[in-house]
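Written below as structure tokens is the structure these notes are about.
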Amino acid sequence: MAAPVLRLGFPGRLWALTWRDGGSRHRSGSQTGPTSIWARRQSSVAQPSLHTAQKPRKGEHKWAAVVGLEIHAQISSNSKLFSGAQVCFAAPPNSLVSYFDASLPGTLPVLNRRCVEAAVMTGLALNCHINKKSLFDRKHYFYSDLPAGYQITQQRLPIAANGHLTYCIYLGKKPSQETTKTVRIKQIQLEQDSGKSLHDDLRSQTLIDLNRAGIGLLEVVLEPDLCCGEEAALAVRELQLILQALGTSQANMAEGQLRVDANISVHHPGEPLGVRTEVKNLNSLRFLAKAIDYEIQRQITELENGGEILNETRSFDYKLGCTMPMRDKEGKQDYRFMPEPNLPPLVLYDDTSLPQGADSQQVINVDQLRDMLPELPSATRERLVQQYGMLPEHSFALLNEVGLLEFFQNVIKETRTEPKKVTNWVLNTFLCYLKQQNLAVSESPVTPSALAELLNLLDRKAISSSAAKQVFEELWKGEGKTAAQIVSEQKLELMQDQEALEKLCQTTIDGHPQVVMDVKKRNPKAINKLIGLVRKASLSRADPALIKKILERKLSL
């Protein structure tokens, strides 16, 4: 797209509005004003600002909850959406602020190409229609951490719309009880983040950090197709995995890179939708689920007691586990939306509409970005099930922990052990140790190569399963020893001397006549006890399968 040149009233100076490549980076948080996601579901229903509970008809006590989400994801980019200021988490306060971010007079926005590409890729991955022409708007509200007094967003014509997100939910413990659900996506829009207010209650003052002001956000607006906290958390988790797979957002909720606003109402089935409340800035999946479930129950209790639901914005107090009122809910008219005068329409192209001889640095080709899409989480899970024969829930577990799938695949490359056994060790042993010590996969003292070596020893029956667990425990200490060295030092290798093992079995038989008698009486527990006694005598160095074979032969079973 040709870059228009705008002249300001400063002698001898031109301000160009051009594409800027923001590169790829992550970090920092996000929070934005709300966007209504209820218009389509409630447009045919005239709702008052207040709803009073009606006395339910006889036998009618059921309530239905309606939940919609607005998800703000920070775009992975080296620089901000409309300025060249760097993006870096936990930088010193107000150290990453450009003149535009501070809203100094005469500064103009310069659109970051990387942010636009991220929005298009996200829209494609979420099955959205990509608008070849989208518009920027000003959304006015007055907070001290918003220097311009408005936020640049895409209210009228967003970059992507009308998509859907599919996620899985387990109705029970059995794999057969897994079901797939779909939530519609109303739109995806580009917008700026605001700064950060730091409240110092001790000194009765508020400090402002503008490092976050102007960082590019993707606002993903979900239609109100959800009905509880669990569904909302699963849908957001699936979106988080998609964003991370695309590389469009790191979506680290702990660093504020993914924040969720939940719109919640309750009503009797078959009746008009209830008045909604919005719970703002939920920054963990656990808190998201808790906040929604609490708010649903609060509204039901309020209505059943003859109370009324206010159309308001609330926050979630995670310490108390409840939502608290913040302010009355703003409407569109309160934001005084207007077209952004300093940004022309954003025009995208595809292979058929691309101008001949166009500069690839000045245009964005949607079809080219479509071809660059990586394997998405749903496809990855399906491939894991087909390629390695694992259970669907195991494929979910591998993807849900950051870096765990890569760890698993690296172990698979270096071992001859069958994939099911590798899956078992990675999920039941390795992941268990990580959880116990609250470590990330990247912080593990056991490398994929070390685990692969251990599994190779186990696979060729050089050590027993119990010895393998001892070796893993030693590997976890991170002393730099290999599995083979630990086995040798602690004499954990299985006995290979058949004659010695025969003598050990005979000695055990001679020393435990009562157990032998029980075995001959076909007591199923007795043979296992005898095997255990032989293993104990061998210091757990004897192969249980081989012991059983020798004992059965000696006892003529």
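The values are calculated or read from the model by the stated rules, or taken from the named source; none is laboratory data. Everything quoted here is computed from the prediction, not taken from an experiment. Cβ: placed from backbone, ideal geometry, glycine included. Neighbour counts: every protein chain shown. What goes into the accessible areas is simple: the full protein's heavy atoms, side chains included, and nothing from ligands, DNA or RNA. Shrake-Rupley method; radii C 1.70, N 1.55, O 1.52, S 1.80 Å.
Assorted remarks:
- By accessible area with a 1.4 Å probe, ligands and nucleic acids excluded, highest first: order of 459, 371, 145: 371, 459, 145
- Ranked order, 88, 322 - accessible area, probe 1.4 Å, largest first: 88, 322
- Straight-line cross-link partners of residue 461 among the lysines, defined as a Cα under 16 Å from its Cα and at least 8 positions apart when in the same chain: 421, 469, 491, 548, 549.
- Hydrodynamic estimate: the Kirkwood radius of region 498-555 over Cα pairs, inserted into Stokes-Einstein at 20 °C and 1.002 mPa s, corresponds to D of 194 µm²/s.
- Excluding exposed DSSP-loop trypsin sites (Lys or Arg not before Pro) (at most 11 other C-beta within 10 Å), longest clean stretch of the chain: 204-318
- Size of region 64-339: Rg and Dmax of its alpha carbons, in Å, are 19.2, 62.
- Selected from 386, 462, 438, residue furthest toward positive end of dipole (the chain; charges at beta carbon): 462
- The helix-only estimate of mean residue ellipticity at 222 nm for the chain, built from DSSP H runs of length n ≥ 4 each weighted as -39500 (n - 2.57), is -10000 deg cm²/dmol after division by the residue total.
- Estimated translational D of region 258-324 in µm²/s (Stokes, Kirkwood radius over Cα pairs; 25 °C; 0.890 mPa s): 200 µm²/s
- Cross-link partners of residue 290 among lysines (Cα-Cα below 24 Å; sequence separation of 8 or more within a chain): 62, 173, 181, 280, 319, 329, 435
- Amide H contacts for residue 194 (H built 1.01 Å from N in the peptide plane; partners 5 or more residues away or on another chain; cut-off under 5 Å): 31, 214.
- Think of each Lys and Arg Cβ as +1 and each Asp and Glu Cβ as -1; about the Cα centre, that makes the dipole of region 64-339 roughly 740 debye.
- Sequence-ordered 3J(HN,Hα) estimates for region 320-325 from the Karplus curve with 6.51, -1.76 and 1.60 and θ = phi - 60° stand at 8, x, 9, 8, 10, x Hz, glycine and proline given as x.
- Candidate cross-link partners of residue 554 among the aspartates and glutamates, defined by an alpha-carbon separation under 13 Å and a same-chain spacing of 8 or more, comprise 502, 510.
- Remark: C-alpha extents of region 283-410 on the principal axes read 66, 55, 24 Å, sorted largest to smallest.
- Accessible area per residue was computed with a 1.4 Å probe on protein heavy atoms; residue 166 scores about 60 Å².
- Relative contact order for the chain, counting Cα pairs under 8 Å that sit 6 or more residues apart, in percent: 14 percent
- Given charges at beta-carbon only (K, R positive; D, E negative), |dipole| of the chain in Debye: 1300 debye
- Positive-pole candidate from 164, 136, 180, dipole of the chain, charges at beta carbon: 180
- Above 19 Å, the calculated P(r) of region 377-490 contains 43 percent of its Cα-Cα pairs.
- Calculated log₁₀ intensity ratio I(q)/I(0) where the Debye formula runs over C-alpha points of the chain, q = 0.07, 0.09, 0.11 Å⁻¹: -0.57, -0.81, -1.05
- Across region 184-189, rounded Karplus estimates of 3J(HN,Hα) from the backbone phi angles (6.51 cos²θ - 1.76 cosθ + 1.60, θ = phi - 60°) give 6, 10, 6, 6, 10, 10 Hz, Gly and Pro being marked x.
- If only the Cβ of Lys and Arg carry +1 and only the Cβ of Asp and Glu carry -1, the dipole of region 428-557 around its Cα centre is close to 760 debye.
- Taking amide H as placed 1.01 Å from N in the peptide plane, residue 89 has its amide H under 5 Å from the amide H of 28, each at least 5 places away in sequence or on another chain.
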